[in-house]
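So that we are looking at the same thing, I have put the structure below in structure tokens.
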Amino acid sequence: MLRDFFIALSENQTLNATAKRYGLKMGAQHVVAGTTVEETIESIKKLNAMGISATVDNLGEFVFEREEALAAKEQILAVIDAINEHQVDAHISLKPSQLGLDIDYDFAYENLREIVERASKTDMFINIDMESNKHLQPSFDILDELSKDYDNVGTVIQAYFFRAEEDIEKYKNFRLRIVKGAYKEPAEVAYQLKEDIDANYIQLIEYHLLHGKFTSIATHDHNVINHVKQFVKENNISTDKFEFQMLYGFRTDMQKELASEGYNFCVYVPFGQDWYGYFMRRLAERPQNLNLVVKQVFTKDTNKMLGLAAAAFAVGRLSKRKKR
């Protein structure tokens, strides 16, 4: 129920717009690296100083206008240029929907191609983030097309999908980030029970560590991390073949600890004013994340907004019942 609650909030466009007006005053600065490219570069420099790399996400939700998609593309190109200019250890993560996938497939593809082309000039990696089920196959199609001409592109495998095992075998020669999944998907296409998702997550990680090109293990779960440590030791897998990933602002002590132990470590660094949907999905993905940031993030303003959000959610549910 808690997971469904946060997913419903993440998809509420009215609340998303309200969050933009509040900006980072609500405490989101603890989980968002900045609102500008300049602020984000400074955050990356601090991570690099601790031996931690970054993957940068230009936050954005509900893009249905070409002008918005083009603006997002220009912002991502600006980040690529800034990373090169400042020589920081970072690459890009992006969402096809932000670049126009909900508008027109060919339009989105051309936007992504321009970004991948710019990044390829300095051998910078571009990760295509995966979104909800309706975006899944079109995103893989874009990856297939781009990979015909570029080798600096990879994607994400979401463990809750039934098709994940087939996808990870198909894309084993790509650099992949493996996650559990952060959207509410129907039982026809995805596992619903945490135990099933967790088991598939471990299976996918092990497969790609043994057979894949490079594995990004995105988790805050120390049990999964300890399992991976033991697995790579038992199978003589070099640390050059994988990295751990966590979200900016979450479990920072563990991030530093893993980096100091000699493991490759990468932080997912979101930036921009459009932080609301991103943050709600992180809470939906693993409600324990709420405990990790509650003291830092939940100010009086935040609680006020979540109170309004809860009311909006309840009204929405009641409205749906009345229509039935």
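The values are calculated or read from the model by the stated rules, or taken from the named source; none is laboratory data. Everything quoted here is computed from the prediction, not taken from an experiment. Note: ideal-geometry Cβ built from the backbone for every residue, glycine included; neighbour counts use all protein chains shown. Ligands, DNA and RNA are stripped out before the accessible areas are found, and what is left, the full protein with its side chains, is counted by its heavy atoms. Shrake-Rupley method; radii C 1.70, N 1.55, O 1.52, S 1.80 Å.
Output the number of the condition that Glu243 fails; it satisfies all remaining conditions of (1) surrounded by 15 or more Cβ atoms within 10 Å (Cβ to Cβ); (2) in contact with a helix residue (DSSP H, G or I) (Cβ under 9 Å, 6 or more places away or on another chain); (3) under 24 Å from Gly51 (Cβ atoms).
(2)
Specify the residue that is surrounded by the fewest Cβ atoms within 10 Å (Cβ to Cβ); the eligible residues are those in region 182-211 that are of a type in the set (A, V, I, L, M) and within 19 Å of the chain's Cα centre (by Cα). Talk me through it step by step, then tell me what you get.
Residues of region 182-211 of a type in the set (A, V, I, L, M): 182, 187, 189-190, 193, 197, 199, 202, 204-205, 209-210.
Within this subset, residues satisfying the condition of being within 19 Å of the chain's Cα centre (by Cα) are 182, 190, 197, 202, 204-205.
Numbers: Ala182: 23, Ala190: 20, Ile197: 19, Ile202: 17, Leu204: 25, Ile205: 26.
This residue is Ile202.
Output the number of the condition that Tyr105 fails; it satisfies all remaining conditions of (1) open to solvent by 60 Å² or more (accessible area, probe 1.4 Å); (2) within 20 Å of the chain's Cα centre (by Cα).
(2)
So the check is Cβ under 9 Å with 6+ separation or different chains; which pairs have a first residue in region 56-81 that's over 24 Å from Arg177 (Cβ atoms) and open to solvent by 60 Å² or more (accessible area, probe 1.4 Å) and a second one that's outside any loop (DSSP other than H, G, I, E, B) and not hydroxyl-bearing (Ser, Thr, Tyr)?
Cβ pairs passing all conditions: Arg66/Phe107; Glu68/Gln98; Leu70/Leu99; Leu70/Asn111.
Further, regarding this structure: If the requirement is being open to solvent by less than 10 Å² (accessible area, probe 1.4 Å) and within 20 Å of the chain's Cα centre (by Cα), which of these qualifies: Val156, Val179, Val228? Write out each step before concluding.
Numbers: Val179 fails: open to solvent by less than 10 Å² (accessible area, probe 1.4 Å); Val228 fails: within 20 Å of the chain's Cα centre (by Cα).
Exactly one residue qualifies, and that residue is Val156.
Answer with yes or no whether Ala71 is part of a helix (DSSP H, G or I) and out of contact with any helix residue (DSSP H, G or I) (no Cβ under 7 Å at 6 or more places or on another chain). Break it down into steps so the answer makes sense when it comes.
On the way: part of a helix (DSSP H, G or I): yes; out of contact with any helix residue (DSSP H, G or I) (no Cβ under 7 Å at 6 or more places or on another chain): yes.
So Ala71 passes the test.
One residue is enough: does region 126-134 have a residue meeting the conditions under 27 Å from Lys180 (Cβ atoms), charged (D, E, K, R) and surrounded by 15 or more Cβ atoms within 10 Å (Cβ to Cβ)?
Of all residues in region 126-134, those under 27 Å from Lys180 (Cβ atoms) come to 126-134.
Pick out the ones that are also charged (D, E, K, R) and you get 129, 131, 134.
Subset that is surrounded by 15 or more Cβ atoms within 10 Å (Cβ to Cβ): 129, 131.
Yes, region 126-134 has at least one match.
Any idea which of Glu85, Glu67, Glu110 is under 17 Å from Thr40 (Cβ atoms) and either among the acidic types (Asp, Glu) or in contact with an Asp or Glu (Cβ under 6 Å, 6 or more places away or on another chain) (or both)? Steps first, answer last, please.
Working: Glu67 fails: under 17 Å from Thr40 (Cβ atoms); Glu110 fails: under 17 Å from Thr40 (Cβ atoms).
Of Glu85, Glu67, Glu110, the one residue that is under 17 Å from Thr40 (Cβ atoms) and either among the acidic types (Asp, Glu) or in contact with an Asp or Glu (Cβ under 6 Å, 6 or more places away or on another chain) (or both) is Glu85.
Only one residue in Ser97, Ser139 is touching a His at 6+ places or on another chain (Cβ under 7 Å), part of a helix (DSSP H, G or I) and either within 24 Å of Val267 (Cβ to Cβ) or touching a residue at least 12 places away in the same chain (Cβ under 8 Å) (or both). Which one? Show your work before the answer.
Values: Ser139 fails: touching a His at 6+ places or on another chain (Cβ under 7 Å).
Step by step, each of Ser97, Ser139 is checked, and only Ser97 is touching a His at 6+ places or on another chain (Cβ under 7 Å), part of a helix (DSSP H, G or I) and either within 24 Å of Val267 (Cβ to Cβ) or touching a residue at least 12 places away in the same chain (Cβ under 8 Å) (or both).
Hey, another quick one. All but one of (1) open to solvent by less than 10 Å² (accessible area, probe 1.4 Å); (2) among the β-branched types (Val, Ile, Thr); (3) free of Cβ contacts under 8 Å to residues at least 60 places away in the same chain hold for Ile52, so report the exception by its number.
Condition not satisfied by Ile52: (3).
Could you check Ala19 against (1) open to solvent by less than 20 Å² (accessible area, probe 1.4 Å); (2) assigned to a helix (DSSP H, G or I); (3) more than 21 Å from Ile142 (Cα to Cα); (4) modelled with pLDDT of 95 or more and say which number it fails?
Going through (1) open to solvent by less than 20 Å² (accessible area, probe 1.4 Å); (2) assigned to a helix (DSSP H, G or I); (3) more than 21 Å from Ile142 (Cα to Cα); (4) modelled with pLDDT of 95 or more one by one, Ala19 breaks only (4).
Here's the yes/no breakdown for (1) among the hydrophobic types (A, V, I, L, M, F, W, C); (2) modelled with pLDDT under 95:
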| site | (1), (2) |
| --- | --- |
| Leu204 | yes, no |
| Tyr207 | no, no |
| Gly212 | no, no |
| Ala259 | yes, no |
| Gly277 | no, yes |
| Glu285 | no, yes |
| Gln288 | no, yes |
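Is there any pair with a first residue in region 194-206 that is more than 18 Å from Lys233 (Cβ to Cβ) and a second that is charged (D, E, K, R) and open to solvent by 20 Å² or more (accessible area, probe 1.4 Å) whose Cβ atoms are under 6 Å apart and which are 6 or more apart or on different chains, and what are they?
Going by the 6 Å Cβ cut-off, the qualifying pairs are Ile197/Lys180; Tyr201/Lys180.
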